[in-house]
1. Subtract the Cα-Cα distance of Glu143 and Asp91 from 0.36 nm times their separation in residues, and report this length gain in nm to one decimal.
2. Once the Cβ-Cβ distance between Arg77 and Val42 is put in as r, and R0 is 22 Å, what FRET efficiency do you end up with, to the nearest 0.05?
3. Nothing charged except the Cβ atoms of Lys and Arg (+1) and of Asp and Glu (-1): what's the magnitude of the dipole of the range 33-160 about its Cα centre? Round to the nearest 20 debye.
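We did not get these values from a lab; they are worked out from the coordinates using the rules stated. Bear in mind the structure is a predicted one, so any value in this text is a computation, not a measurement. Backbone-built Cβ (ideal geometry, glycine too); neighbour counts: all protein chains shown.
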Amino acid sequence: MTIHTRYTTIRTLIACVCLLALFDSCRFFDAQQDPFIISAPVCATGENLPWWHAAGITFDFLNISDCDISRLTAECRLYDAETGENPFLGDNRIGVAFSGRIGAHSKESLAIPLDPYISAIPDTPFAIDRLEICTIEYADGSEWTNSEFSLLETITKGIIK
């Protein structure tokens, strides 16, 4: 065996070990699908009774689990659609809790009223960034938690339409 052949063999072996270590530590293979699917949220201004008077957000929630949902929490960030800046004096994170039954393998429309956060009807709808489901409580007592988020302490009451 020549020095060049031995060098190539060692280099190939090191590359294989590095690739195996990389893939072995990757959590991609252990990833599990969330127990829901949500649509893109839509912000609307103006009255939409009985859900809100000034502005609100709607989105569809599909429960793809085998259990009925009794409660869930979500959060998102709102921005001025024209400037991209925070439209509020304080934090632009909105936390919301939904209580009510969402059956297993069923879809419901959810509404987040923005009335508690605004003092006037905005001229244009807000831009919504990163709507996330944070926790789900199932009718059987089990729970699902999104480990990437810590839910806000101040939570608005949401509506299952």
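1. Computed gain between Glu143 and Asp91 is 16.0 nm.
2. 0.90
3. With only Lys, Arg, Asp and Glu charged at Cβ, the dipole is about 220 debye.
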